[in-house]
Each structure stands twice: as structure tokens, then as C-alpha cells.
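Only one structure is covered here, and it is reproduced in the block below.
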Amino acid sequence: MNPLRPAGSAGIVTWILGLVFSMLTAAADSNDSAAAETARLNDWLNARYEEELQLSPTQLTSLGRKTRYGEIDDFSEAGELAQYQLLEQSVAELQRQFDYAKLTPEGRISYDFWVYRQQVLGRSLPFLRHRYQFTTEGGAHSDLPEFLINLHTVDSEQEMRDYISRIKASARALRQSLERAQLAARDGIRPPRFAYESVIEIAGKIITGVPFTPGAATDSPLWADANSKISSLLARGIITPAAAQVLRDQTAAALEDSLLPAYQDLIGWLQADLPNAAADATGAAALPNGAAYYNYCLADYTTTDVSADEIHELGLVEVARIRGEMKALIRALDFNGTLEEFFRFVRTDPRFYFSNDASGRQAYLDLSRQYIDAMTTRLPGYFGILPREGLVVKRVEPFMEQDGMAPFYKEGTADGSRPGTYYLHLSDMSALNITDLETTAYHETIPGHHLQGAIALEASELPLFRRDIWYSAYAEGWALYAEELAREMGAFQDPYSDFGRLASELFRAVRLVVDTGLHARGWSEQQAVDYMLANTTLPEVTVRSEVRRYLSLPGQATSYKIGMLKLLELRNRAQAALGDRFDIRGFHDAVLGGGSLPMRILERRVDGWIAGQATK
């Protein structure tokens, strides 16, 4: 007889119940201990991330905070290295202070994510000069004015003074970016010539008009914005007319004395170096150590270890599959012709474009808003977590607007002080095919970027860095997945819009082929254009803009389809494992509720959700 186990049936029952109680108590104590350790980790991560944020006044502003409000980040190489060193030190401290085994599963994800960031940033150090400072996609020349106009809000006289201080600081930051471009050029690293030409044009627009151009009939973008903000303070009675005039004088002085010379130096150097830039654009492989750089870019943007060859072949397979679905759809439309002929029909027929005037632009905005509003009403059937943040649909500022450039989304703030914004380039309506309108609206807003970004921002139980940091494969993969999801949710009732959805997915599959073709297989710009024209419905102006984007941002275009395919893989895995117990709302909450995660870490989070559902 076991002396620790009492004799008699009643005693045995009592003993078993006591043993079970002890086990449950131990498990509860263990869970409490893990929760407490994870809470300590979250506090520590928030403190470390705050140290990072203090190095970036612009990021503080993007989060809706007004600390260091008159400052601009350090854009120099030394500034970037300082950020890496801070993160490297924090990882060493993390490993000293926390026992990984004592954390909750969510705490382990935070731990691994923090380490992952340091590893990725470390792998980027050999390529500090490979990333182009000024491109058609942006750079300090356009990002800084856009930041001041759209993110630096002014509700007091001091905040207007901060705006003026930031004009002066922007001049310093612009010169730092210029110095980095000059260092890269000395190393034989230059963007293609078209990027030089685009930057010269955009920079010129920023310094054209009052106060830069004597007797100009129009205001420059920053002067118009500053005047609007000063006038608002005056209208609200926050400042006197005399104070308003002082602020205007100080703004004009900052623009003329600080910002203008910096832009003139930028334009002057670009014009002088222009002959050294390749007229025939080439991919990353042509750069010094270019093959290794492109491999880094692919790993960084996809957060996977998929190779360029694998991505290229996957793209070819996906292009063939989607073309097959398109052929079935055009047969249902009774179109008498080939798929290529249907592409030309959709690309050229006037019925698929709004007029290239004010009424056409307004019609495009209005229809986009209608689709977004209708989709919003369907969300509760597919998502348990719903965002509170508002959404605005608007045209891009004139100085940034370019014919054929893709629409984009900018996140708002968690406190609701700034809504998410869907921006559209409307300067050339012939570049905006109506069959793409519905799909693009869902991709950029709901259930795409806006939904994903707002849910992450509002996830207060996560450490701040997981709510703030953005990974392309996750975010763009989600937005592309959201296009297909929107169809499941009842969208795309117009068959031409449904063709637009397929065209959008085909476009992202084509990107796998074109990006790797340009950067790993020696394709010319024209080869890429020809392939895209043969396999998409996009007009040529848009295709050329897209190809130049890929040349400016090696690897980024692959993140959409790679991310989407991973999400579909995880969803299929969950459905197979759970069968009738699979809940689409729970799956989406598992994907979105953890913030923007690298794909391998997201996979672990979803697997944990599957395991939890299986035991219910």
C-alpha cells in the first residue's frame, strides 16, 4: 500500500480531488508567474522603444505626440548607426534580464520579434549606401514637406514656432541626405537617370512660388500651408494680428534663408551628376556587391528565405493560373477575342475611365467612398476586433502628385486625433481605370491597410513597438489577401470590377517575375515594360511608373504576393486542422491582433491559435 494514499474509497476520492486541486493550483501559479514576467517584459520593451522614439522626433509626431515638436531626425549615416547600436545594446540587455522559458507564448513572440529587428538591421549595415536617398518614390526632398503639411498640426503659437524650427531643421536633414547620396555616388551607387530627373522636378516645385519667386501668382506649398495654419490660429483667437505677422515673417525667413539654399544645393548637385547616372536603367545586380544586396532586400521585404529564382518561378506559375481564371470570366462576358485583346479593350475603351477634369476626379473620389462605406457595414461578420479610427479619402498634394503613380494609405493615430488617409494621384485620369477602382479601395482601406493598421494601433495590450512597426510582407500581403476576402464578403458584383480584382492579383504575380527579372536576371527597363503590358490591363503610363518604382526599391514589389500566399497557407492549415470548428473571425483576429509580424513569427502565432481552438 502506498503510505501517501489513504485507504478506503472515500479517502481515495478525497486524495484524488486534492491531487487535482494541487495540479490546478500549480498550473494557475505558473500562468500567473508567466503573465507577471511578460508584463515586466512589456514594460521593459516599452521603455527601450521609447529610447528609440526619442531619436526620431518625426516618428513621435506620427504617433500623435508633440514632444521634441520643433525637431527633425538625424538623417546622417552616423545617425543610422547610432540607432543600430542602441538596438544592439538593448538585445544584449534583454537576454541578460529575461528567462525566455518563463514568458507567456505572446511574451515569447515579443522577445523574438525584438531580437529579429536587431538581426535584420545588422544585416543591412554592409548596404548603407545602396539604398537610394532620392527616388521617384520619395526621399527627404518630398517626405519632409509632406510631413510638415500633413502631420505637424498647429494648435498654439508655440506649435507654429515649432513648425518654423522644423523648416530650418529640414534644411539640415536634406543636406544630410544629399551628403549620403554623394558618398554613395563616390562608391559607384546611383539611382537611374529618371530618378534624378523626377527629383529635380519635384524639388523645383517645392521652391517655386511665394516667397521664393518674386512676383509669383501662386504660393509655394509650404508657404501656403504655413499661412493656412497661422490664419487658423488667428481666426480662433489664439494669436493677435501682430503675432500672426511676426510668425509669417519668421516663416518666410526660414524658407528663404534655410530651406531654399538646401534645395538649390540638392538640385545643383543632381544636375551636375546627372550625366553619370545610367540613362538605360539597370537593376540591383549592376551595383557594387549588387547580388548580395538584392538577396538582402528580398529577405528584408518578404521576411522569408525564398530565393530570387524561386520567386521568379512562382511568379510564372501564378501568372499562368490567374490568366486561366480571367479567360473563364471573359467567356462568361461573351467577349469575342483573346485575353490580350480583352486587356486592350479594358485598357483603351472610354467607358472604363472618368473624364480628365474636375468632375471626373470628384466622381472617382465619390465612388471610392461608396465602396468603402458599403464594405464597412460587412465587417462584423468576418472580424471580431473592429477598429475605432476614422478614415479620410483625399487627393495627393499638388507638389507630390505624379501621373500614373499608385494610390497609398497613411496611418492615423491611436487616439483618433488624426484619421487614416487614403491618398489618390488624380492628375491624369487616363491612368486610373475604373475596373481597378473597387479593388484598390479595399486594398488601401477596408478590409486592407486601414483595417489592419488601425487594429494594430489600438491593441493596447501589446508593447508599443508591435503596434507601430510595419513589415511589407505582412501589411502588403494582408492588403492583397483583403482583395480576395472582399469578394467573399459580397463585393465585386460588377463582372468588370471582378475582372479588375483578378487583374490586381495578376499584377502582383507579374511583379514577382518583373522584380526578379530586373534585379537578378539582367532585364532592361523596356523588357519589364513589355512583359507587364502583355500581362496586365494597366495603361502604359502606369506600367512605366511601376517599373521605375521597382528599379528604385529592389525587392519591395515581391512582398505583396509572397505575403498573401503565406496568409492563404495559414488559413488553409487552420481550416484543415479545425474543420467545422474553424471560425473566420477568430482566424482574422489571430492574424491582425498581434501587430505587423515577420512571416515566420506570424506563423507561430497562428499555430498557437489553432492549437488553442483544437482543445476547446
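The values are calculated or read from the model by the stated rules, or taken from the named source; none is laboratory data. Computed from a prediction, not measured in an experiment: that's the story for all the values here. Methodologically, a virtual Cβ is constructed for each residue, glycine included, from the backbone with ideal geometry; neighbour enumeration extends over all protein chains shown.
General remarks:
- Any hit, the range 283-303, residues being exposed (fewer than 14 other Cβ atoms within 10 Å of the Cβ), part of a helix (DSSP H, G or I) and of a type outside the set (A, V, I, L, M, F, W, C): no
- Only listed residue being without any contact (Cβ under 8 Å) to a residue 60 or more places away in the chain and under 21 Å from residue 495 (Cα atoms), chosen from 461, 483, 438: 483
- A count restricted to the range 304-316 and to residues that are hydrophobic (A, V, I, L, M, F, W, C), under 25 Å from the mean Cα position of the chain (by Cα) and part of a helix (DSSP H, G or I) stands at 3.
Every residue, every condition in (1) touching a residue at least 24 places away in the same chain (Cβ under 8 Å); (2) surrounded by fewer than 16 Cβ atoms within 10 Å (Cβ to Cβ); (3) in contact with a Gly (Cβ under 8 Å, 6 or more places away or on another chain), yes or no:
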residue	(1), (2), (3)
534	yes, yes, no
569	no, yes, no
574	yes, no, no
613	yes, no, yes
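- Residues of the range 391-419 that turn out to be under 22 Å from residue 458 (Cβ atoms) and either touching a Lys or Arg at 6+ places or on another chain (Cβ under 8 Å) or among the polar types (S, T, N, Q) (or both), as a count: 6
- Counting only helices (runs of 4 or more DSSP H) wholly contained in the range 500-616, the ones carrying 1 or more residues that are touching a strand residue (DSSP E or B) at 6+ places or on another chain (Cβ under 8 Å) occupy 540-552.
- In the range 227-263, residue surrounded by the fewest Cβ atoms within 10 Å (Cβ to Cβ) [restricted to those that are outside any helix (DSSP H, G or I) and of a type outside the set (S, T, N, Q)]: 237
- Among (1) outside any helix (DSSP H, G or I); (2) surrounded by fewer than 18 Cβ atoms within 10 Å (Cβ to Cβ), the one test that residue 320 misses: (1)
- Residue 223 vs. criteria in contact with a Gly (Cβ under 8 Å, 6 or more places away or on another chain), part of a helix (DSSP H, G or I) and either within 30 Å of residue 186 (Cα to Cα) or modelled with pLDDT of 95 or more (or both): yes
- Counting only helices (runs of 4 or more DSSP H) wholly contained in the range 45-141, the ones carrying 2 or more residues that are among the hydrophobic types (A, V, I, L, M, F, W, C) and either modelled with pLDDT under 95 or under 29 Å from residue 277 (Cβ atoms) (or both) occupy 77-97, 105-124.
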